[in-house]
Every structure is written in C-alpha cells, then in structure tokens.
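Q: Encoded as structure tokens, here's the structure I'll be asking about.
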Amino acid sequence: MFEPKYTISNKLINNIKRIAGLTAELNNQKFSGIILLELEKNAREISSFSSTSIEGNPLPLTEVKKILKLKPNNIRDSEREVLNYNQALLKLNSLTAINFKLSLILDIQKTITKSLIADYASGKIRQEPVFVNDPRKGETIYLPPDHQDVKPLLNHLIKYVQQNKTKVDPLILAGIFHKQFVIIHPFLDGNGRTARLATKVLLAGMGLNTFNLFSFENYYNKNVSKYFQKVGAFGNYYDIYENIDFTEWLEYFADGIIDELLRVQKELKTFAITPDKTLKPYHRKLLNYIEKHGFITDKEYGKLTERAKATRSLDFRKLIEMDLIERIGKGKSTYYKLKQ
C-alpha cells in the first residue's frame, strides 16, 4: 500500500495558512457570471498554453488564444495538442460531480492524446518499458517502474487519495498525487499533462472553484527546469522508491498555488472594474438577461431598451467582438448566448 513520506514543515504550514486566507478572501467576494465566464476563458487559454509549453510545444500564448477562438480544421500536431488540452478542461468543467477513479484518469489521457499517438496507447496504461531523458544532456536520468507494476501502483495511489480526502489537507493530497503519478509514469505519452489536469480536479476540494479560474500550470512554465527537478525522480524506481521524500516538492507545489491565487485575485479586480468602464448600461442589461434566461433574441432585446434595430445590431457585434457572447442560427431563428 502507498504511504508517502513527508514532513509538515514550518514553510508548508505557513503556505497552507496563506492559501486558506487567500481562498477565504476570494470566496467572500461576489462577481457577476459575465466576469467569471471571462476569467474562466482566460484561465483555459493560459492552462492550455502553459501545460503544453512545459512539454515542449513551441506555440506562443497569442497563437494559442487565436487557435482556441477559431478552432481551425487543418491543424498541425502542436495546434492539436492545445485544442485537446482545452477540450479536456471543458469536459472536466462540465461534470457536476467527479468521482476520482482510474477511468477518469484514462479518459483525461485519451482526450489530450487524441490523434497524436497510436490508438493502442491512447487511454491505455503502458504495456512496455519507458525511460525519462534529460533533454539538455540527452541522457537517461530515470527508469520508471516496470509496466506490469504500473496498474497496481496507480490503483494504490488512487485508493490513498480516496481514503484520505477527509484526513489530509486537500493541498497536500493534490501535491502527493501529482508527484507520485509522475514517478509511476503510467503512459507512453501525456503523463505530465494528465498529471496536471488530474491534480486540478483534486484542487477543487480547496473550497474555491479553482478548477474554473485556476491555471497553476502557469507557475511551472515560468521555470520548467525547476519544475522537472522538483516533481521528477532520478535513478531506478526500485532503488529509490522507499526513500522518496515529498516535503520539498510540497513546499514548491504550495508556492505555486499561492502565486496563482494572487494572479486570480489581481485578475478578478481588473475584471471587476473593466466591464463597468467599457460596457454601457444597455450592454449590461442584455448580458444580465442572457445570464437569467440562457439566451436572447433581437426582438427580446428590443423590449428591454428603446434602441433602434441598427444600434441593437451594433450592440450585439460589440459583445461578440469582446468574446462575451456568440451568435447562433440565421435569419429569424437567430439568438445570442454567452460565449463558452
């Protein structure tokens, strides 16, 4: 059975206290659905960029935002990686309740590797040995467990998470899962991206809707070498697994959560101010109507305001260009809903 070795250091305690304070501050603030929707979209863009960038994807953030907005049909593998990661975020975000089990992890890996690797390896635990290289030196630095041991190790890790949800701080639990998952290295490809997405699911247990607004991958992408050094292992798994200490990684992991919570806090303040400055009262009335009813037609918008049809069209166009709403249908069947 998996029993991680770690110490509740003073730094870790202080980090957890600070995270609890930042979380409470954010939970006590009230923001409109429009602001939260925009922040969620930004978080998905940053997450999709950062998590794939960590693995070597060359696309800059500006290009990632463009791809996620346009969703082109003819795409390169680098673009597909970004779209797949965003799709995994959307799928997990749409689940009202998440049962953290092996099938969820397999589905995450299958989603992010779709059309990028062979079918036999997509959504499947590896059935062959793998090794981890240092990309800078081209040398093997870690030999993960043998493939026949992977599924038992993964099941032990998942069982540990399930049994300790009410016993271990969710931050520590998420951090332990993240590192041990990387150590097990259960897939031929997509281990890092899967680890980060599954960790986000666990972080939702912090009490803040971190999954929607949170992009902790951004912190790792600022210093990828440091991230690999902290999260990975070195040597042969069977020689080191009994002596792996999670303490240093947990401290670093908590540093990243604080960094991201501060970013979210700053972004929320910005979004809280910006809409009032850029949107007119009739724009906000339109958006509030969609929030309440799910959609709006031009005819319904005409009943809300005294604006002429031509100016109503300009209003819809402005909100579409701001990525706040999208147009559905044509002609008399046209209606508008919030942009997902």
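Taken together, the values in this text are just the output of simple stated rules run on the coordinates, not laboratory data. Computed from a predicted structure; not experimentally measured. Neighbour counts are summed over all protein chains in view; Cβ atoms, including those assigned to glycine, are modelled from backbone coordinates with ideal geometry.
Q: Would you please give the residues with an amide H less than 5 Å from that of I98, counting only those at least 5 places away or on a separate chain, with H modeled from the backbone geometry?
A: none
Q: So what is the relative contact order for the chain, in percent, with contacts set as C-alpha pairs under 8 Å and at least six apart?
A: It comes to 22 percent, rounded to a whole number.
Q: What pairs from K69/K200; K91/K266; K11/K151; K266/K303; K71/K330 go past 30 Å between their alpha carbons?
A: From the list (K69/K200; K91/K266; K11/K151; K266/K303; K71/K330), the Cα-Cα distance tops 30 Å for K11/K151; K266/K303.
Q: So if each residue of separation counts as 0.36 nm, and I subtract the Cα-Cα distance between E3 and N99, what length gain in nm does that give?
A: 32.4 nm is the gain from fully extending E3 to N99.
Q: Report, by chain and number, residues whose modeled amide H sits under 5 Å from the one on I141, excluding near sequence neighbours (fewer than 5 apart, same chain).
A: V132, N133, D134
Q: What ranking do M322, M1 get, fewest neighbouring Cβ atoms within 10 angstrom at the top?
A: By the 10 Å Cβ count, ascending, the order reads M1, M322.
Q: Let me ask you something else. Mind jotting down the three principal axis lengths of the chain based on Cα atoms? Whole angstrom, largest first.
A: Computed over the chain, the largest-to-smallest principal extents equal 75, 46, 35 Å.
Q: Over the range 279-338, what relative contact order in percent results from Cα pairs under 8 Å that are six or more residues apart?
A: It comes to 37 percent, rounded to a whole number.
Q: Using the Kirkwood radius built from alpha carbon pairs, what does the Stokes-Einstein equation give as D for the range 279-338 at 20 °C and 1.002 mPa s, in µm² per second?
A: Answer from the Stokes-Einstein relation: 190 µm²/s.
Q: Between K318 and Q229, what FRET efficiency follows from the Cβ-Cβ distance if R0 is 45 Å, with the result rounded to 0.05?
A: 0.45
Q: Report the relative contact order of the range 117-190, percent, no decimals, based on alpha-carbon pairs under 8 angstrom and at least 6 residues apart.
A: Reported relative contact order: 38 percent.
Q: Now, a different point. How much of the calculated P(r) for the range 1-88 lies past 20 Å, in percent of all Cα pairs?
A: 57
Q: Where in the chain are the helices, taken as whole DSSP H runs, whose Cα atoms extend 20 angstrom or more along the long axis and whose Kyte-Doolittle mean reaches at least 0.0?
A: Span-like helices here: 33-54, 170-184.
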